[in-house]
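See below for the structure under consideration.
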Amino acid sequence: MSTTSLPVTGADSLGSPEPRSGKPAARLADARRALVPYGYLTPTMVLLVVLMVIPIVMVIGYSLMDNVIMKKNPQFVGFKHYIDILTSESFWTAVTNTLFFTGVSVIAHLLIGLAFAMMLNTGLIGTRTKAIFRTIYVLPWLFTVAIIAVLWRLLLEPNGVVNFLLTASHLTGTEVEWLSSPETALFAVTFINIWAGYPFYMTSLLAGLQGIPADYYEAAQVDGANAWQRFTAITIPQLKPIIISMALLDFIWTTQQFALIWMTTGGGPLGTTEMLSTFTYKLAFSKYQFGTASASAVIVLVISMVLAFFYVRAQKARD
Amino acid sequence: MRKKYLAGIAAMAAAALAMTGCTGGGTAPSASNEGPVTLEFAQWWEPELPANSLRSLMDKFESENPGIKVKLISGPYASTKEQVVAGAAAGTMSDVVGLDGAWVNDFVKQGSLANLTDLMKSANFDESQLAAQVKLDGSTWMIPVANFVYPMFVNDDLLKKAGVAAVPTNRTEFAAAAAAVTKTGKNTSGWVLPLDTATPNGIQNDVMSWVWASGGSMLKDGKPYLVGNTEVKDTMTFIKGMYDAGSIAKGSFTMKEQDKVNEFTNGRVGMMIDSLAHVNLIREENKDLKFSVAAIPSADGYSGKRGMPYASWGIGVANNSKHQAEAFKLVSFLMGKDVNATLCNSAHAFPGNTQAVPDFVNSDPIFKQAFEIYQAGTATNEFTGLPVAEDLMRSFDEQFQKYLAGKQSADDALAASQSAWEKAFSG
């Protein structure tokens, strides 16, 4: 065993500067030096305050007031809006739909992303073929939400390509109203979201897979482990930190998905695809009940913060 | 070394200030009396007009009014609405704003619009030249600049193929024609009904239009009148009959106005109620489509004047504007006989100035036909000026969808809508 001693002078000069003689000029120089880090931090701090702290505080404030924004003299009503929201049937419908939409999306994203990542990481396919498939698989990620919504609205409309293929192959007798039928709309929007989001997992997991040393698999093979055992004992544990982080991030993002829902079903038909995001939007920009909408937004913020807490904890554990 | 630190701190502080500057500030111009006044004009019209047509009108205004510049803030309808709502809330609304009649009540309550009656008086503006004014509590808050009426569009070829000899004029003929057209092909429907709840204007244009076309009303003394209203109930039953018969194009519950126009343009729908603003679009998209316009069929036996839905490009002045007199100059410029005719000619809309006659009204047979229907009937839109008008449409839409899906009766749908509307009116 060997030990290394660091030079004491270096540590001193960085951490605890020698007290100066107390001259004003020297003290000024010290103060200036101490301010430098704050100077570098200032832009970030200003951005955080302007873009995060102020809006959040304002929204929390709005959630406790009635007739906010729409009238010049709003009244303080305490937690009335929160009680209204939490006792509203529509809110719980939106919560249930959001949980289904998010839960199914996250699980499907993970499974499809992992399957495709493993396919692209296998040594059984040539490099050129892999490159072609990688491009194809990543395509949905390149489209903006608006394009995805328009594309799938066209594909899934009663006279669209999907129904044509299904009826032509006699899988269905009549055209299905995928996005307009209360029975299928939630499944349809969830499917679209899955299609749009799996490449995020795929690319991240592929990077993770490429980082697992080949030695592990060779050693396991020598020990007689079959493919499934190698997958469960090496691949999954090695990818676990990435999977946890991504699943939590995806959960946060998907609970806040608005544009896709708004542009495909608008929360309909009959409220079957109403999500927390569309519910809040309608309160604000259709009913102009900004106080109630703020209360709903604060509830979503709290849920997101709980998820963010777990995300940060997972990140720390990973580090 | 010291200089470096100072420079570093100064640079950071400057960057921070610059960023604060970027995020702060409003859209309202300064109150400075020196130099030209710059008016902001927020609207959704420019993207819907031929390139540069609105800008060239603004250039004309600027040349006639030295010292006033106009900055156009243009975007799609939905984003303009959000921008105007946010501007109204923050007191940073643009000086002149494009308005939809459905927004007016809420903005007036909020105190974000200037009283145009006062501005017209101050400017000695002749009100008699205006085709319409949107008033609340006796004062004008919005002036319709261009009006888009919603007649019935008919696919002449499809009706001919279905053996329908004449364009339907009443509901019985319409239902029969829709059923006949539906039978002509697997992907063909008689009528198309967009009921998407994200943009629920289908209730105004495609549902209530039937009530208005027969002289009916959804209001009594300015208050909701749905329960016990036989005209509204009859319309609902009439539409449900066609829905159950399969005469309405599939996908109604999440269909948007644009989808409706696409269905018609692609020749899959026999009839639709739509804005004249789409005539050119339909022609460009499908040059072979033979179509005409007609009045919306009325209830059987009705012979009175027919109401025809319309939507307006309205205009108003922001209460927070520091240049309201100059802003009204722009309003009166756009409402002037010649300018209004030029604008409406570009938009293919009917003018807000009674004396303006756009060229297209005489040169194009479809618009000529529509203008005749417009003059024979009454432009009606009962949602204009109502509180949270879009939300009223949405709450009716949700109940109507439940009725169409067979999940409740017409009376239950009307009762639930009445209750939602009364709550909105009292709020």
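How large is the translational diffusion coefficient of the protein assembly as shown in µm² per second when you combine the Kirkwood radius over alpha carbon pairs with Stokes-Einstein at 20 °C and 1.002 mPa s?
The diffusion coefficient I find is 72 µm²/s.
Regarding the range B:348-420, what whole-number volume in Å³ per residue does the convex hull of its Cα atoms give?
141 Å³
Only four residue types carry charge here, +1 at the Cβ of Lys and Arg and -1 at the Cβ of Asp and Glu. Report the dipole size of the range B:31-119 about the Cα centre in Debye, rounded to the nearest 20.
About 80 debye.
In whole Å, largest first, what are the principal axis extents of the Cα atoms in chain B?
That gives 87, 47, 47 Å along the principal axes, largest extent first.
With a Förster radius of 22 Å, plug the Cβ-Cβ distance of A:Leu151 and A:Phe258 into 1/(1 + (r/R0)^6) and report the FRET value to the nearest 0.05.
0.75
Averaging over every viewing direction, what projected area does the convex hull of the Cα atoms of chain A cover, in nm²?
So the Cα hull casts an average projection of 29.4 nm².
Based on the alpha carbons, how large is the Rg to Rh ratio for the range A:194-319 when Rh follows Kirkwood?
1.16
Averaged across the residues of A:42-50, what count of C-beta atoms belonging to other chains lies within 10 Å of each residue's C-beta?
What the average comes to for A:42-50 is 5.
Looking at B:Val167, A:Leu248, A:Ser90, which one has the Cα that reaches farthest to the positive end of the dipole of the protein assembly as shown (charges on Cβ: Lys, Arg +1; Asp, Glu -1)?
A:Leu248
How long are the semi-axes of the equivalent ellipsoid of the range B:282-427, taking √(5λ) for every eigenvalue λ of the Cα gyration tensor, in whole Å from largest down?
Three semi-axes, in Å: 33, 27, 14.
Where does the charge balance sit around B:Asp364 when Lys and Arg score +1, Asp and Glu -1, over other residues with C-beta under 13 Å from its C-beta?
That sum, taken over residues with Cβ under 13 Å, equals 0.
How long is the gain from A:Thr44 to A:Ser90 if the chain were fully straight, where each residue apart is worth 0.36 nm and the alpha carbon distance is subtracted?
Going from the current span to full extension adds 12.7 nm.
Using mean Cβ contacts within 10 Å as the protection proxy, how do B:56-65, B:108-117 order, highest first?
B:108-117, B:56-65
What number do you get for the range B:156-262 when its Cα radius of gyration is normalised by 2.2 N^0.38 Å, N = residues?
1.13
Among A:Thr102, A:Thr184, A:Thr235, flag the residue with its Cα farthest along the positive direction of the charge dipole of the range A:80-318, charges on Cβ as +1 for Lys/Arg and -1 for Asp/Glu.
The Cα lying farthest towards the positive end belongs to A:Thr235.
Kindly provide the Kirkwood hydrodynamic radius of the range A:39-177 in Å, to one decimal, from all pairs of distinct alpha carbon atoms.
It is 21.2 Å.
Go ahead and run the numbers for FRET between B:Ala89 and B:Asn362, Cβ-Cβ distance against an R0 of 25 Å, rounding to 0.05.
0.05
How big is the charge dipole of the range A:80-318 about its Cα centre, in debye rounded to the nearest 20, if each Lys and Arg gets +1 on its Cβ and each Asp and Glu gets -1 on its Cβ?
Using Cβ point charges on Lys, Arg, Asp and Glu, the range A:80-318 gives about 640 debye.
Between the range A:178-221 and the range B:186-210, what is the separation of their alpha carbon centroids in Å?
Centre-to-centre distance over Cα atoms comes out at 38 Å.
Given +1 on the Cβ of Lys and Arg, -1 on the Cβ of Asp and Glu, and no further charges, what dipole in debye does chain B carry about its Cα centre, rounded to the nearest 20?
Result for chain B is approximately 800 debye, rounded to the nearest 20.
Taking a threshold of 23 Å on the Cα-Cα distance, which of the pairs B:Lys183/B:Lys240; A:Lys80/B:Lys423; B:Lys260/B:Lys402; B:Lys220/B:Lys368 fall above it?
As for pairs spanning more than 23 Å Cα to Cα, those are B:Lys220/B:Lys368.
List the equivalent ellipsoid semi-axes of the range B:215-306 in whole Å, largest first, each obtained as the square root of 5λ for an eigenvalue λ of the Cα gyration tensor.
Here the semi-axes work out to 29, 16, 14 Å.
Viscosity 1.306 mPa s, temperature 10 °C: what is the translational diffusion coefficient of the range B:39-162 from Stokes-Einstein with a Kirkwood Rh over Cα pairs, rounded to a whole number of µm²/s?
The calculation lands on 95 µm²/s.
So what is the calculated 222 nm ellipticity per residue for chain A, using -39500 (n - 2.57) for each DSSP H run with n of 4 or more, over all residues, to the nearest 500 deg cm²/dmol?
So the calculated ellipticity at 222 nm is -23000 deg cm²/dmol.
Which one of B:Gly385, B:His323, B:Val361 has its Cα pushed farthest toward the positive end of the charge dipole of the range B:299-427, where Lys and Arg give +1 and Asp and Glu give -1 at the Cβ?
B:His323
Please work out the Cα center distance from the range B:90-152 to the range B:335-405, rounded to the nearest Å.
16 Å
On full extension of the chain, what length is gained from A:Leu28 through A:Leu111, given 0.36 nm per residue of separation minus the C-alpha to C-alpha distance?
My answer for the length gained is 23.9 nm.
With the crude spin-label approximation of a point 7 Å out along Cα→Cβ, what separation in nm comes out for A:Phe309 versus B:Ala51?
Placing both labels 7 Å along Cα→Cβ, they lie 5.6 nm apart.
Going 7 Å from the Cα of B:Glu62 in the Cα-to-Cβ direction, what parts of the range B:77-119 have a backbone nitrogen less than 20 Å from that spot?
B:94-98
Using only Cα atoms, find the angle between the long axis of helix B:410-426 and the longest principal axis of chain B, and express it within 0 to 90 degrees, rounded to the nearest 10.
Roughly 20 degrees between the two axes.
Using the alpha-carbon atoms, what tilt in degrees (0 to 90, nearest 10) does helix B:171-182 show relative to the longest principal axis of chain B?
Helix B:171-182 and the main axis of chain B meet at about 90 degrees.
How much of the pair distance distribution for the range B:273-358 lies past 16 Å, counting alpha-carbon pairs only, in percent?
69 percent
Write down the radius of gyration of the range A:20-63 and its Dmax, each obtained from C-alpha positions, in Å.
Cα radius of gyration and Dmax of the range A:20-63 are 17.7, 56 Å respectively.
Coordinate-derived values only; no laboratory data. Remember, it's a predicted structure, so these values are computed and weren't measured experimentally. So basically every Cβ, Gly included, is an ideal-geometry build from the backbone, and we count neighbours across all protein chains shown.
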